[in-house]
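Throughout, read-outs are computed from the coordinates displayed, never taken from laboratory work. Here the structure is a predicted model, which is why all the values come from computation and not from measurement. Don't worry about glycine lacking a Cβ; one is built from the backbone with ideal geometry, like all the others, and counts go over all protein chains shown.
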Amino acid sequence: MSKDVLVKEIMKTKLVIVQPFMTVLEAARIMRDNKIGNVIISERNHPIGILTESDIIRKVVCEAKNASNVLVEEVMSSPIVIAEPYITLQEALKIMGKSNIRRLPIVENNELVGIITQRDISRISPALSEIAYEWSSIETKDEKYVQSRIFSGKCEDCNTLSTRLRSIDGRLLCEDCIDGLKYE
């Protein structure tokens with residue numbers, strides 16, 4: 001397999017998006033009806049989180065909470081790691097492995113355009129799945145790596161939605177707040 005295969009070429013573009021104020025029960029039914037294991041949480045067309053079957057099991061079922069009384073925003077995984085569509089599959093697997101995630105939302109020009117999963121990649125090349133496993137076994141607390149990643153969610157200083165958050169001193173900040181730090 002050529003290492004030049006881009007995420008854009010195999011990502012799924014028909015995304016199921018839900019609002020953060022929806023109940024977990026409603027989101028779970030949407031997942032069931034669409035035969036999918038996750039939904040993207042979006043606010044004003046910006047991805048702010050992801051809700052997976054695992055989130056529902058760990059944060060609702062195992063805690064004996066009533067899914068019809070729990071909002072998606074209370075249990076979604078956020079902020080989310082994102083990538084651009086023009087990276088290679090190997091780069092995507094490296095991000096997924098180091099971040100210990102199986103699903104990678106794809107953003108282009110600050111818009112959610114797709115998602116790629118380890119399963120999608122393993123269908124194309126089972127050998128690449130081994131790369132993801134190796135990356136996940138490498139220490140994920142590498143601060144330089146975390147600082148180089150782009151996240152999507154709310155800035156921890158100004159609460160602005162952004163698909164370009166970066167980790168600065170342990171906080172996820174938007175570009176404006178990072179620029180403000182430079183002049184302090």
Could you list, in their original order, any pairs among K35/K59; K14/K98; K14/K35; K12/K35 whose Cα atoms are separated by more than 24 Å? K14/K98
Low-density loop cleavage sites - GluC sites (Glu not before Pro) in segment 57-99, where at most 16 other Cβ are within 10 Å (DSSP): E63
